[in-house]
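Readers should treat all values here as calculations from the given coordinates under stated rules, not as data from a laboratory. Since the model is a prediction, treat every value here as computed from it, not as a measurement.
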Amino acid sequence: MEKFTVTKRQRKGLLRLGDVVVPGDDALPSFSDSGCADGIDRMLPYMHEGDRDSLLMLLYACAVLPRSVIRGVVSLASGSDRAPAPLAPLLRMANIGIKGVVCSLYYSDIVTGPRQGQIHRAIGWDPIIVERNDP
């Protein structure tokens, strides 16, 4: 499988977009503080080419746009139910794409080092699978 990576600028955009979607709170770190953005290169090879290209363009845009514009884009995509019929499906797909990438990276909690497992511990989720040997 071909290897894909993000540029430094696209990574900056991912962190900025991620922090709008997952700003963090007292119990959970922000997207950028979690270290989960490191997993983006693992995700890219499995994406449909058109989706990957669109995501990389969005990440580039998020690196250079003001945070208020990024918040506006996320808010607009999240509010697809208030949009007129021709625009609503496009906004729903944008919302799925934005939150799908950000939340998949964040809640997968695949970081290594001292931050490993911090998200899963904070939400009380133990993804360990224990197999039984039934006779």
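Each principal axis of the chain carries a Cα extent, and these read 57, 39, 34 Å when sorted largest first. Spatially, the range 6-43 and the range 58-126 are offset by 9 Å when compared through their Cα centroids. Value of Rg to Rh for the range 71-130, rounded to two decimals, is 1.18; Kirkwood radius and Rg both from alpha-carbon coordinates. Listed by number, the DSSP H helices of the chain that run 18 Å or longer by alpha-carbon position along their axis and have mean Kyte hydropathy of at least -1.0 are 8-21, 49-64, 88-108.
Treating each Cα of the range 42-81 as an identical point scatterer and summing with the Debye formula, the log10 of I(q)/I(0) at q = 0.23, 0.25, 0.29, 0.33 Å⁻¹ comes to -0.83, -0.87, -0.92, -0.98. Short-range pairs are left out: with C-alpha atoms under 8 Å and at least six residues apart, the relative contact order of the chain is 29 percent.
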